[in-house]
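This report refers to the structure that appears directly beneath it.
The values are calculated or read from the model by the stated rules, or taken from the named source; none is laboratory data. All values reported here derive from a predicted model rather than from experimental measurement. Heads up, the Cβs are rebuilt from the backbone with ideal geometry, glycines too, and the neighbour counts pull from every protein chain shown. These area figures cover heavy atoms from the full protein model, side chains too; ligands, DNA and RNA do not enter into them. Shrake-Rupley method; radii C 1.70, N 1.55, O 1.52, S 1.80 Å.
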Protein chains: 4
Amino acid sequence: MGFVDLNCDLGESFGAYKIGMDNEILDYVTSANIACGFHAGDPSVMRKTVTLALEKGVQIGAHPGLPDLVGFGRRSMAISPQEAYDMVIYQVGALEAFVKAEGASMQHVKPHGALYNMAAKDPKLSEAIAEAIYAVDPELILFGLSGSQLTKAGEKVGLRVAHEVFSDRTYQIDGSLTSRKEPNALIIDKDKAFKQVLRMVKEGYVKTEQEKDIAIKADTICIHGDGKEALTFARDIRQGFQVENIVVQAIRTK
Amino acid sequence: MGFVDLNCDLGESFGAYKIGMDNEILDYVTSANIACGFHAGDPSVMRKTVTLALEKGVQIGAHPGLPDLVGFGRRSMAISPQEAYDMVIYQVGALEAFVKAEGASMQHVKPHGALYNMAAKDPKLSEAIAEAIYAVDPELILFGLSGSQLTKAGEKVGLRVAHEVFSDRTYQIDGSLTSRKEPNALIIDKDKAFKQVLRMVKEGYVKTEQEKDIAIKADTICIHGDGKEALTFARDIRQGFQVENIVVQAIRTK
Amino acid sequence: MGFVDLNCDLGESFGAYKIGMDNEILDYVTSANIACGFHAGDPSVMRKTVTLALEKGVQIGAHPGLPDLVGFGRRSMAISPQEAYDMVIYQVGALEAFVKAEGASMQHVKPHGALYNMAAKDPKLSEAIAEAIYAVDPELILFGLSGSQLTKAGEKVGLRVAHEVFSDRTYQIDGSLTSRKEPNALIIDKDKAFKQVLRMVKEGYVKTEQEKDIAIKADTICIHGDGKEALTFARDIRQGFQVENIVVQAIRTK
Amino acid sequence: MGFVDLNCDLGESFGAYKIGMDNEILDYVTSANIACGFHAGDPSVMRKTVTLALEKGVQIGAHPGLPDLVGFGRRSMAISPQEAYDMVIYQVGALEAFVKAEGASMQHVKPHGALYNMAAKDPKLSEAIAEAIYAVDPELILFGLSGSQLTKAGEKVGLRVAHEVFSDRTYQIDGSLTSRKEPNALIIDKDKAFKQVLRMVKEGYVKTEQEKDIAIKADTICIHGDGKEALTFARDIRQGFQVENIVVQAIRTK
């Protein structure tokens, strides 16, 4: 029997702008990464999303991003490690206050978008991020790309880390995701996507685009939260794991 | 023998922009209200200001403001009490994370500018602000205009409050500050300013613009932090209190 | 035979956030008020919306708002007339550049949300707005609440003005809209709404909440652009006017 | 006899924040690059700076930057050419409106900071920027690093370009500036700086860090606007050119 966590980006609405089907997707995932106002989210959205996650028994994490609302935090920016440290402290603290205000505690931190991708490859940036999280609360769990510089940095500073894998993305022989600019970056076939993720969870291997198996840790799976298809896939992946005797539960409850 | 706290707004720089003489003024005040990124301040400025205040043994407070950087939080905005609650939680949490990261704890919260002034008169807004602070940490002390709706709301929700007075502003018979639009709003004469504040601290009275005394609580005095004159006045007020046997110390150390 | 213009707020999306059914509603309206990046919109959305409006032969106007993205420009702010002047120049210029880049010219300016409402009642604010528009281009037409301080200010500074009326809002005896906080602010019944607006266009009168007729000029009608019902109403109002021999056409083409 | 333009970044203040000695430096330069609200500047600062430049007879240019106020537009961002096009149109239009409102016309556009540096090396980004400027007004002059991709792109789309050189930066053999991360990036000695720039203007050559001369066009010189030393250098360079019979005048007046 194995275990796996399902995480999803949530609380990405902003003011009058709505994104995501937070209420629905919270029925399927076990960890919620809540935007903190830099790339998405605002104080009111944060409060509502925290409340909703708690009602549904879903663990809460901060989802800090780059200060780029118009780009949704998806555009790389040449920030220094010190700036990364500072913006992670700020955003984690802001979300933590909403969680504390509801009498609960936060489980994890997962950097968003370009910050996540930059950190996956940059040891100095990753270490700054990990140190920021540790400084705010050493019990927080760092979610990062499986086997990347980010999870390595988390382990180095003494944080518990969760290795994240993707069901709908193909992998390169070095464990990185195939760039979205490449034709085979995405796995469209839902069966194929589930089989890839099931094998990662059960066996700890994934077949890369180079047709070679590599070892991969799969503590948590990234689930998309927008669109009907995403909801269907979230439900199906959850049922699929049940059939396979994989227990779906939040990282820190294991 | 009496006690009084001296507080000052700090950490108001932003990116390449510098405001205030934080390093110098921290030698004279006992409580620092640090901007939280909405009306002034940014994550890096917040970290540096927290570190500086701790080095100088000055107590730290969050200084949440309206989301109006270009207006420096000085323009009233028609926000709802719920929005006030949410933006206070967010900003207090963000600053608290920097304080925690340095192994310290926060003393107080003082709303900034238009938020402070709106709250002084609006019981619903004040109650939302007080509840936000209480929800994040019931030990935090709320700084508000002496005798205003804000201090009343703090007391109502169970927070310890510090009644704030101004040395360089004249008072109305209802205890409010004379509007800056009026000719006699400011006390320019430094001796007169010190005498007013000394009387508030020692006797608990202030003479209003209507030439009548009113009772006023003076737990903490607002000190300005920009300009050489401000520094001189801060030093003089501190020495003046020493001569008068008034102990200048941070609120929570009393 | 009469004439009337139908205007709608458009280009309110922002980055990854989508609002409104711009493509559909442009088939029914004759004037598009395009957000300019302060309360909604971003440079890419502005370019796309300008292009779309031009393709559909709809006249373009700038829709400047308060600098309050999270509040969608709907929260009053205590800005000075000078600040209003400056922010209108800025936003009108930004939109005009996109229109010029496509080889076209702009028809009008309509302030948004709280700026529109504040201006309707405040002669100084209105005059600053009208002067800003005139300074950028005296040929621009100012859209403002019919008979309000804003249209008065436009006329005073020498701008052509378009008096705007609402089909789905009730009126007070002084010509102002019934506040949304009042129970009878909105006209839900579509027939009743059309009848009100038809009478305003044909006869120049509206029956107020005080059950008394007042004179009202109706040069342009505000049409909502979000939701299926809005689309249906836009189509119906357009057909209704055709039946009544009211020509629906953009202000400056008359 | 030769000609040269002196340009300086201006209007970089923001709200309560002051940067630069705009009033003083305008006595020495012939072209003012005015920030447009993305990396620095706000509508009120833009208006004041435009007015001041016109009073002093200095030509005005837009200085569009990346949307990164906290980073002052100095951090590279992975924006697309389309996004660059859009943000340049927006900012150029915003500034142009202030210039038009004063009855004047704009001379040039110079991208700021990271946008300038990215464009110097990236032909697609440069072409997008040049096309944006051309679309708004084909008479505008593009200021770019001498001999870079940006000036090439300007020439390609049909804009008049001004090749910019730096007095206080050393050059590489490919005509690029030595990176600020390198020890010899800056020329501290004011005489040496003036000699370098004089030779560029008079002879069209500069000695690179590799001790080899390269040809370089010097239409305009970047002057810094902050600090007393900058003012002194601006005055000295202007006097130095006079002695050498080089006429200092704005590009479009030549």
*What does the convex hull of the alpha-carbon atoms of the range D:1-97 project to on average, in nm²?*
7.2
_Among DSSP bridges having both ends in chain D, what percentage is antiparallel? Round to the nearest 5._
20
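Dividing the Cα convex hull volume of the range C:165-254 by residue count, how many Å³ per residue is that? Don't jump to the answer; show the numbers that get you there.
Values: hull volume 9.7 nm³, N = 90.
Hull volume over Cα atoms, normalised by residue count, gives 108 Å³.
What are the membrane-span-like helices in chain D by this rule: whole DSSP H runs, Cα extent along the axis at least 15 Å, mean Kyte-Doolittle hydropathy at least -0.5? Walk me through the intermediate numbers first.
Values: long enough: D:43-55 (18 Å, 0.31); D:81-101 (30 Å, 0.32); D:123-136 (20 Å, 0.69); D:190-202 (18 Å, -0.65); D:228-243 (23 Å, -0.39).
Correct list, ordered by number: D:43-55, D:81-101, D:123-136, D:228-243.
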_Whole angstrom only: what separates the Cα centroid of the range A:184-220 from the Cα centroid of the range B:222-241?_
65
*Lys/Arg Cβ at +1, Asp/Glu Cβ at -1, dipole of the range B:14-131 taken about the Cα centre: which of B:50, B:37, B:19 is farthest positive-ward?*
B:19
*Solvent-accessible area per residue, Å², over the protein assembly as shown with all protein chains present [probe radius 1.4 Å]*: 40
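Given 20 °C and 1.002 mPa s, how large is the Stokes-Einstein diffusion coefficient of the range C:133-206 in µm²/s, with Rh as the Kirkwood radius over Cα pairs?
Values: Rh = 13.5 Å.
Reported coefficient: 158 µm²/s.
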_Placing unit charges on C-beta atoms (Lys and Arg positive, Asp and Glu negative, everything else neutral), compute the dipole magnitude of the range D:1-50 about its Cα centre in debye, rounded to 20._
180
*Partner chain Cβ atoms within 10 Å, averaged over the residues of D:13-24 - can you pull that number for me?*
4
*Is there a simple number for the mean count of other chain Cβ atoms within 10 Å of the Cβ of residues in D:30-41, and what is it?*
1
*asked:* Given a 1.4 Å probe and heavy atoms of the protein chains only, how would you sort D:213, B:86, largest accessible area at the top?
replied: D:213, B:86
*With point charges of +1 on the Cβ of Lys and Arg and -1 on the Cβ of Asp and Glu, referenced to the Cα centre of chain D, which listed residue (D:89, D:176, D:120) lies farthest in the positive direction of the dipole?*
D:176
_Give me the percent relative contact order of the range C:1-141, please, defined on Cα pairs under 8 angstrom at least 6 residues apart._
22
_Distance from the range A:29-99 to the range B:1-48 (C-alpha centre basis), Å_ = 26
*Can you pull the mean other chain C-beta count within 10 Å for peptide D:129-139?*
2
_Top positive-direction residue, dipole computed over the range C:184-232 with Cβ charges, set C:225, C:200, C:188_ = C:200
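Regarding the protein assembly as shown, what is the average projected area of its C-alpha convex hull, in nm²? Write out the running numbers ahead of the final one.
On the way: hull surface 180.1 nm².
The directionally averaged projection comes out at 45.0 nm².
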*asked:* What's the magnitude of the charge dipole for chain D around its Cα centre, counting Lys and Arg as +1 and Asp and Glu as -1 at the beta-carbon? Answer in Debye, nearest 20.
replied: 280
*By the gyration tensor of its Cα atoms, with a ≥ b ≥ c the square roots of the eigenvalues, what is the shape of the range B:76-233: rounded for a/c under 1.5, prolate for a/b over b/c, or oblate?*
prolate
*For residue C:18 and residue B:245, what is the calculated FRET efficiency with R₀ set at 56 Å and r taken between the beta-carbons, to the nearest 0.05?*
0.25
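Using the Cα centre as the reference, give the magnitude of the dipole from point charges on the C-beta atoms of the range A:20-127 (Lys, Arg: +1; Asp, Glu: -1; all else neutral), rounded to the nearest 20 debye. Could the numbers behind the result be given before it?
Working: 9 positive and 12 negative charges, 28 e Å.
For this selection, approximately 140 debye.
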_Which residues does the label zone of residue C:48 cover in the range C:17-33, counting backbone N under 13 Å from a point 7 Å along Cα→Cβ?_
C:17-24
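Quick one: pull the percent of accessible area on the range B:88-241 belonging to carbon and sulfur, 1.4 Å probe, ligands and nucleic acids left out.
The value for the range B:88-241 is 48 percent carbon and sulfur by accessible area.
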*With each run of n ≥ 4 DSSP H residues scored as -39500 (n - 2.57), what mean residue ellipticity at 222 nm is computed for the protein assembly as shown after dividing by its residue count and rounding to the nearest 500 deg cm²/dmol?*
-12000 deg cm²/dmol
*Counting Lys +1, Arg +1, Asp -1, Glu -1, what net charge surrounds residue D:34 among other residues with beta carbon under 11 Å of its beta carbon?*
-1
*Given a 1.4 Å probe and no ligands, DNA or RNA in the count, how much accessible surface is buried by B and A, both sides, to the nearest 100 Å²?*
1900
*asked:* Nearest 5 percent is fine: what portion of the DSSP beta bridges confined to the protein assembly as shown is antiparallel?
replied: 20
